[in-house]
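The values are calculated or read from the model by the stated rules, or taken from the named source; none is laboratory data. A quick note: this is a predicted structure, and the numbers were derived from the prediction, not measured. In this analysis, Cβ positions are derived from the backbone assuming ideal geometry, glycine residues included, and neighbour counts consider all displayed protein chains. Only protein heavy atoms, including side chains, enter the accessible area calculation; ligands, DNA and RNA are left aside. Shrake-Rupley method; radii C 1.70, N 1.55, O 1.52, S 1.80 Å.
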Amino acid sequence: MRESSKLSHDKAVFACALVAGLPAIVLALVLLFRSQSIAYSLKLTACFLILVCWLGFAAFARNQVVRPLQTMANLLLALREGDYSFRARGARHDDPLGEALSEINTLGSLLKTQRRGAIEATALLRTVMEEIDVAIFAFDQDRVLRLVNRAGEKLLAQPSERLLGRSDAAIGMADCLEGDTSRMLASTIFPGTHGRWGLRRIQFREDGRPHQLMVIADLSQPLREEELKAWQGLVRVLGHELNNSLAPIKSIAGSLGTALRLEKRPPDWESDLRTGLDIIAARAEGLERFLQAYSRLARLPPPSLAPNNLVELIQRVVALEKRIAITLLGGPSLTIPCDAAQIEHALINLIRNAVDAALESRAANQGDSSVRLGWRQDGAMAEIHIEDDGPGIAQTANLFVPFFTTKPEGSGIGLVLCRQIAENHGGSLTLSNRDSASGCVAILRLPSAS
């Protein structure tokens, strides 16, 4: 009741104008009718004119207030409807009303520019989505397909008109919305083609409701190229090692065969024969060690994860090294999910390398070189660092090249195996020269459960 009885703005302005002129009108009428020199008919005419002028000026005042407000309402309505072509006349900065109209005009120009930019960006995004060879799908919270590009149509062998509005199960993509958000789809064969696919899935919101954006890329060609590079590298390494072993074997076998075919053999031919056979046996044994090392690297089993106390694991490994006493720098008590046997193997290799480097410095009379081991918590990772006072790394680029070694009896797979163990656990391994002194620091990072 209170709201319905309240005057509207235009009526309130009109009433205020009437009230403002009411005292003057009353005074004029009183003076008019008290005058004795004016005929009664003229008094009525004058009274009528006074009332008409009073009402006319009140209506004029109302229109002066209401008309600009109606203009601004129409402009704002046009902006709300998306029509940015309307502009208010009389917009100037020398009075408040003109300043308000000027601001509305500026807002219209700004919205027009923003809409043009949004349209151009949307057109560019549509063009990119249509031209890229990556399939893109968007599903709403009910797992109904809402967006698909041309590559997605080709992947499912159906046009978008038959795909949009259908559920994930209806188009055969229910499995893609389950499981890890980033994975390989090696065994999945889509109707439109087949191959090995990489899937990535992320969440986004539209109108406040959750949606899922899924990207599927064909990885067959990149994987084939990487496999080719891997095979070329493997053949190059194997060929190099085989040539290094077979070339002297062939040469020595030829020399021994020539000596045995001679009618008059030299007096020491038996000694030469034994020496040559020993060399052939040594090269054959070296080739066997090389093949066994490669087989061990290629057949590393996946880790069997279990909670392990990092301090106890490190203490077990350090106790195995008898040549130099390892200095434990200590660290917090951490529990890591790992394959204890594999991590111990990696730490044994890293500690052995550090001790070898320290002993090399001692042999060169470069002081009492030592090895230090510590650990710490770094976010969600446990970080183990092993420092030595050795000569450092001469060729950092070849650290993780399989079968590359600078040791006379080295196999060249120790660091490669350590890094593979770390990466299989979701961690990493880095080696670098120390900045403040000679020597090397190895940092093994593993996921921590603490």
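Numbers for the structure displayed
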item: Selection status of GLU161, over 14 Å from LEU177 (Cβ atoms), in a helix (DSSP H, G or I), modelled with pLDDT of 85 or more and charged (D, E, K, R); result: yes
item: Selection count where residues are at pLDDT below 85, open to solvent by less than 90 Å² (accessible area, probe 1.4 Å) and assigned to a loop (DSSP other than H, G, I, E, B), scope the stretch 264-317; result: 4
item: Matching strands (runs of 3 or more DSSP E) fully within the stretch 319-385 where at least 1 residues are under 39 Å from the mean Cα position of the chain (by Cα) and closer than 15 Å to CYS440 by Cα; result: 371-378
item: Residue among ALA437, ALA449 that alone is at pLDDT below 85, small (Gly, Ala, Ser) and open to solvent by less than 60 Å² (accessible area, probe 1.4 Å); result: ALA437
item: Residues (touching a Leu at 6+ places or on another chain (Cβ under 8 Å) and surrounded by fewer than 15 Cβ atoms within 10 Å (Cβ to Cβ)) located in the stretch 127-142; result: none
item: Among residues of the stretch 311-324, those that are touching a helix residue (DSSP H, G or I) at 6+ places or on another chain (Cβ under 9 Å) and over 19 Å from ALA354 (Cα atoms), counted; result: 0
item: Residue count, the stretch 319-339 (criterion: open to solvent by 20 Å² or more (accessible area, probe 1.4 Å), under 22 Å from ASP368 (Cα atoms) and not basic (Lys, Arg)); result: 9
item: Unmet requirement for ALA170, which otherwise passes all of (1) open to solvent by 80 Å² or more (accessible area, probe 1.4 Å); (2) more than 19 Å from the chain's Cα centre (by Cα); (3) at pLDDT 85 or above; result: (1)
item: Contacts under 6 angstrom Cβ, first residue in the stretch 120-142 being in contact (Cβ under 8 Å) with a residue 24 or more places away in the chain and more than 16 Å from ILE216 (Cβ to Cβ), partner outside any loop (DSSP other than H, G, I, E, B) and hydroxyl-bearing (Ser, Thr, Tyr), 6 or more apart; result: none
item: Unmet criterion (only one of (1) closer than 30 Å to PRO337 by Cβ; (2) among the acidic types (Asp, Glu); (3) modelled with pLDDT under 75) for ASP388; result: (3)
item: Cβ pairs under 9 Å, 6+ apart, first in the stretch 32-56 and within 19 Å of ALA20 (Cα to Cα) and in a loop (DSSP other than H, G, I, E, B), second open to solvent by 90 Å² or more (accessible area, probe 1.4 Å) and β-branched (Val, Ile, Thr); result: none
item: Those residues of the stretch 145-159 which are free of Cβ contacts under 8 Å to residues at least 24 places away in the same chain and loosely packed, with under 15 Cβ neighbours inside 10 Å, in sequence order; result: PRO159
item: Every pair of residues 6+ apart whose Cβ atoms lie under 9 Å, when the first sits in the stretch 88-106 and is open to solvent by 100 Å² or more (accessible area, probe 1.4 Å) while the second is not aliphatic (A, V, I, L, M); result: ARG89/THR71; ARG92/GLY98; ARG92/GLU99; ARG92/SER102; HIS93/GLU99; HIS93/SER102
item: Cβ-Cβ under 9 Å pairs, at least 6 apart or on other chains, the stretch 267-280 side over 11 Å from ALA253 (Cα atoms), far side outside any helix (DSSP H, G or I) and open to solvent by 80 Å² or more (accessible area, probe 1.4 Å); result: TRP269/LEU262
item: From the options GLY82, GLY21, residue that is loosely packed, with under 10 Cβ neighbours inside 10 Å and in contact (Cβ under 8 Å) with a residue 24 or more places away in the chain; result: GLY82
item: LEU31 vs. criteria surrounded by 11 or more Cβ atoms within 10 Å (Cβ to Cβ) and either more than 51 Å from the chain's Cα centre (by Cα) or not β-branched (Val, Ile, Thr) (or both); result: no
